[in-house]
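Note sheet for the following structure.
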Amino acid sequence: MEGSGGMQLFSIGIDDKDPCLKDLIYKKSSAYWMEGLDIEENRVGDLVFINYRTGHSYPPNKMAMIKDRIKIIIADILATIILEDLQSSMVQKIIQQEYFYFDKEDQDKILRDALAIMWGGRNPIANSEKIREQWRYRVWDRIMDHLNANDELVFDGFIRFRLKDFTRELENAVDRAVDELLIENEYNEFIKLLQYFVEIQDPKVDEVHVVLQDDKRYVLLDSNLKVIHNEMLEQLAREISDKEISHDDLLISSLITIAPCKITIHEYDKIKNVELLNTINNVFNGKVIMSNERITPKK
């Protein structure tokens, strides 16, 4: 696809330290190849210009049609590269600039989570595709707008000045991913602490059955399905009010105090607090059974 002569139509300037970008442009340009289109390069300082040329001379009307077609090709190519091929490296650059102090494992997680946040990956796929298509149109439209007024587009400068909102969205996604990572790390440390409290004490009973009552309070039963009466638990219940601590928190505290070898949570699907169930599972790893069975305390 290299050649000389004819007429130069458009040029894309890229940093000469970014050969991957140049390869991407060539590769995607080959998919749009049209008769009479040539591509050649020239270097100006630190930039390599990829020049789209016609190999022949055409009448003005024909040349205008060819030029319009090449504009669409370039807009398609660059929009695809930005939204599909470079988004990961753009996010990685933000992480390395702003959050370089995280280790590689955490940086990799931030990268994955930021991209998921950016494209709505935690929502239904249809929503993700909608967000991506909206951004693709914005980027494509701005490239076309630029090429309507200029025959030359410097790639890094275009992203820096014409796609500030896109870059800002990526930065916001990274910030949210970091916040979620910090919360997750704090949660994991909290779980480790609760696990330690459980490990250092002897079980008060071997088995506990957890029953959610109609008033949203929990009842703890022993292996004989009798209500567990524990002086520490009763004292804990007396000292706190509903406003100071939730029934869910009281359940966690009670289970940690008893430190049973086995926990069965009955009619668990009625418990709407999924985080509560996850916490119990994590603290009492391997000791928890989720049951749909309904039971009644024995007198």
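Worth pointing out:
- When each of Ile82, Ile95 is tested for being farther than 21 Å from Tyr26 by Cβ, modelled with pLDDT of 90 or more and in a helix (DSSP H, G or I), the lone residue that passes is Ile95.
- Verdict on Arg136 being open to solvent by 30 Å² or more (accessible area, probe 1.4 Å) and either closer than 16 Å to Thr80 by Cα or touching a His at 6+ places or on another chain (Cβ under 6 Å) (or both): yes
- Of all residues in the range 253-299, those that are under 14 Å from Val219 (Cβ atoms), out of contact with any Asp or Glu (no Cβ under 8 Å at 6 or more places or on another chain) and either open to solvent by 30 Å² or more (accessible area, probe 1.4 Å) or among the polar types (S, T, N, Q) (or both) total 6.
- Residue that is least open to solvent (accessible area, probe 1.4 Å) [pool: residues in the range 214-227 that are closer than 14 Å to Ser254 by Cβ and of a type outside the set (Asp, Glu)]: Leu221
- Residues of the range 171-190 include none that is of a type in the set (A, V, I, L, M) and outside any helix (DSSP H, G or I).
- Annotation: Val205 fulfils all but one of (1) open to solvent by less than 20 Å² (accessible area, probe 1.4 Å); (2) part of a loop (DSSP other than H, G, I, E, B); the unmet one is (1).
- Those residues of the range 36-73 which are out of contact with any Gly (no Cβ under 6 Å at 6 or more places or on another chain), in a strand (DSSP E or B) and either of a type in the set (A, V, I, L, M) or open to solvent by 60 Å² or more (accessible area, probe 1.4 Å) (or both), in sequence order: Leu37, Ile39, Glu41, Asn42, Arg43, Val44, Val48, Ile50
- Neighbours by Cβ (under 9 Å, 6+ apart or cross-chain): first from the range 155-182, of a type in the set (A, V, I, L, M); second open to solvent by less than 80 Å² (accessible area, probe 1.4 Å) and not in a helix (DSSP H, G or I): Ile159/Leu86; Ala173/Trp119; Val174/Tyr99; Val178/Tyr99; Val178/Phe102; Leu181/Phe102
- Across the range 55-96, the qualifying residues are those that are polar (S, T, N, Q) and free of Cβ contacts under 8 Å to residues at least 12 places away in the same chain, and the one among them that is farthest from Glu169 (Cα to Cα) is Asn61.
- The range 5-18: number of residues that are more than 17 Å from Arg69 (Cα to Cα) and either touching a strand residue (DSSP E or B) at 6+ places or on another chain (Cβ under 9 Å) or surrounded by 14 or more Cβ atoms within 10 Å (Cβ to Cβ) (or both): 6
The values are calculated or read from the model by the stated rules, or taken from the named source; none is laboratory data. Please read all numbers here as calculations on a predicted model, not as lab measurements. Methodologically, a virtual Cβ is constructed for each residue, glycine included, from the backbone with ideal geometry; neighbour enumeration extends over all protein chains shown. Heavy atoms of the whole protein, side chains included, go into the accessibility calculation; ligands, DNA and RNA do not. Shrake-Rupley method; radii C 1.70, N 1.55, O 1.52, S 1.80 Å.
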